[in-house]
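Worksheet: one structure, shown below.
Read the figures in this text as sums done on the coordinates, not as results from a lab. Not measured: the values here are computed from a predicted model. So basically every Cβ, Gly included, is an ideal-geometry build from the backbone, and we count neighbours across all protein chains shown.
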Amino acid sequence: MKNLELRPRLRQVAATLHRGGVVACPTEAVWGLSCDPKNARAVQQLLALKQREPSKGLILIAADIAMFAPYLHGLEPALIEQLRNSWPAAITWLIPNNHTASPWISGGRNTLALRVTAHPVAAALSRAFGGPLVSTSANPQGLPPAKSLMKVKAYFGNTLDACAPGSIGHAAKPSEIRNLVTGEVIRAAS
C-alpha cells in the first residue's frame with residue numbers, strides 16, 4: 001500500500017477531516033472512528049455517535065512519532081526512546097499529559113493516549129491529513145467493535161461523513177494499552 005495517501009479516495013477522506021467530519025477507518029484489529037483532535041465540534045460529534053462519556057478520553061494515532069512532538073515535550077529522552085523503539089505497533093501508550101492536547105481529548109486526565117499505528121491505511125490517512133487523528137473503536141458504547149465496513153454502516157448508517165478504503169489488520173483484539181511511566185498494562189494484547 002505504498003503511497004496510499006495519494007489515492008484520490010483517501011485524499012477525499014482527509015479533506016473531510018479538515019472540514020470537521022467524522023470518518024470510519026480500518027485499524028489493526030477493528031474499524032475506528034476518526035476526526036481532527038483539534039476540532040471541538042468534530043470530537044463532540046464523534047462522542048455523540050458513540051454515546052461515549054467525554055471523561056473517558058480518546059486515543060490519538062499518527063503515522064510516525066514526529067507527529068506527536070508537541071505532546072512529547074517535557075518527556076525524559078529515555079521515555080521517548082522507549083516509544084520510538086515500540087512503534088509502529090498495536091501498542092497505545094499513556095504518557096504524562098503536558099496539556100498540549102485539549103481536555104476533550106485527554107478527558108481531563110493526567111495522561112494522554114498515543115499510538116503510532118502499524119495499519120497502512122490508518123497511517124496513510126494520518127499522513128494525508130498532516131497530523132494525528134482521534135481513533136476510537138467504531139461502535140456505540142457497550143456494543144462490540146465493528147470488524148467490517150458493513151457493521152460500521154449497520155451501527156451508524158449515513159451519520160458518518162466518509163469511510164476510508166481498506167480492511168482491518170490481523171490483530172485479534174484492539175491495541176494493548178500501557179502506562180509509559182509505570183509500565184502498568186491497562187488493557188492486555190491478544
(Q) Give the separation of the Cα centroids, the range 115-165 to the range 35-56, in Å. (A) 13
Q | Principal-axis tilt of helix 77-86 within the chain, Cα atoms, nearest 10 degrees | A | 40
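Could you sort the peptides 95-104, 159-168, 70-79 by per-residue average Cβ neighbour count (10 Å cutoff), highest mean leading?
Values: 95-104: 16.4, 159-168: 18.4, 70-79: 13.1.
In descending order of packing, they fall as 159-168, 95-104, 70-79.
Using a ≥ b ≥ c from the Cα gyration tensor of the range 129-168 (square roots of the eigenvalues), is it rounded, prolate or oblate, where a/c under 1.5 gives rounded and otherwise the larger of a/b and b/c decides, a/b for prolate? Could you put the intermediate results ahead of the total?
Values: a/c = 1.67, a/b = 1.44, b/c = 1.17.
In terms of gyration-tensor shape, prolate.
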Q: Starting from the Cα of residue 150, step 7 Å along the direction of its Cβ; do the same at residue 100; then give the gap between the two resulting points in nm.
A: 4.2
Q: Go ahead and estimate [θ] at 222 nm for the chain from helices alone: -39,500 (n - 2.57) per DSSP H run with n ≥ 4, summed, over the residue count, rounded to 500.
A: -8500 deg cm²/dmol
Q) List the lysines whose alpha-carbon lies under 18 Å from that of residue 56, not counting same-chain residues fewer than 8 positions away? A) 38
Q. Under the definition of Cα pairs under 8 Å and six or more residues apart, what whole-number percent is the relative contact order of the range 56-133?
A. 47
Q) If we count other beta carbons within 10 Å of each Cβ, what is the order of 55, 126, fewest first? A) 55, 126
**Q.** Extension reserve of the residue 159-residue 38 stretch, reckoned as 0.36 nm per residue once the Cα distance is removed
**A.** 41.5 nm
Q: Have a look at 18, 119, 170 and tell me which one the Gaussian network model of the chain (Cα, springs below 10 Å) gives the largest fluctuation.
A: 170
(Q) Testing the spin-label approximation: label points 7 Å from Cα along Cα→Cβ at residue 143 and residue 19. State their distance in nm. (A) 2.5
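Over the chain, what is the relative contact order in percent, taking alpha-carbon pairs closer than 8 angstrom and at least six residues apart?
Relative CO of the chain lands at 35 percent.
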